[in-house]
Amino acid sequence: GFPITLQPDFPVDREQLLRFLDSRHIGTRLMFAGNFLRQPAYRNIDVRIVGDLTNSDIVMRRTFWVGVYPGLTAPMLDFIADSILEFVDDPANHTSPSTPKA
């Protein structure tokens, strides 16, 4: 996968972006973990915390993976990039054009 992190001050809702990409049949996954201490399994463990874990929280809330594998063609990769740019330029745009062929 290819990880993407939305800047904290950038006014794009990650969940809306992921739904938009899904509507175009673009595979995404959330970044596992981020701040482990916010995961339910780690809630009551005894740990030493150094700092405020700001970057871990950013990864948890603002990062996602876009699927990549060797079978993707240049037009498919362009479609992924163009779709992300289209959403970022106008988050209210929720069109679902057909997916490009190989």
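Quick notes on this one:
- The chain - percent of accessible surface contributed by carbon and sulfur, probe 1.4 Å: 56
- One way to sum up the overall shape of the chain is the equivalent ellipsoid from its Cα gyration tensor, whose semi-axes run 31, 15, 11 Å, largest first.
- Gained length - residue 90 relative to residue 42, 0.36 nm times residue gap less alpha-carbon distance: 13.5 nm
- The value of relative contact order for region 1-89, using C-alpha pairs under 8 Å at least six residues apart, is 47 percent.
- Applying the criteria of a DSSP loop state and at most 10 other Cβ atoms within 10 Å to the trypsin sites (Lys or Arg not before Pro) of region 1-69 yields 43, 48.
- The chain: calculated mean residue ellipticity at 222 nm from DSSP helix runs of at least 4, using -39500 (n - 2.57): -10500 deg cm²/dmol
- Potential lengthening of the chain between residue 81 and residue 53 amounts to 7.1 nm, from the contour at 0.36 nm per residue minus the alpha-carbon distance.
The values are calculated or read from the model by the stated rules, or taken from the named source; none is laboratory data. In this text the structure is predicted, and so the values were computed from the model without any measurement. Neighbour counts run over all protein chains shown; Cβ positions are idealised from the backbone, glycine included. The accessibility values were calculated without ligands, DNA or RNA, using every heavy atom of the protein model including side chains. Shrake-Rupley method; radii C 1.70, N 1.55, O 1.52, S 1.80 Å.
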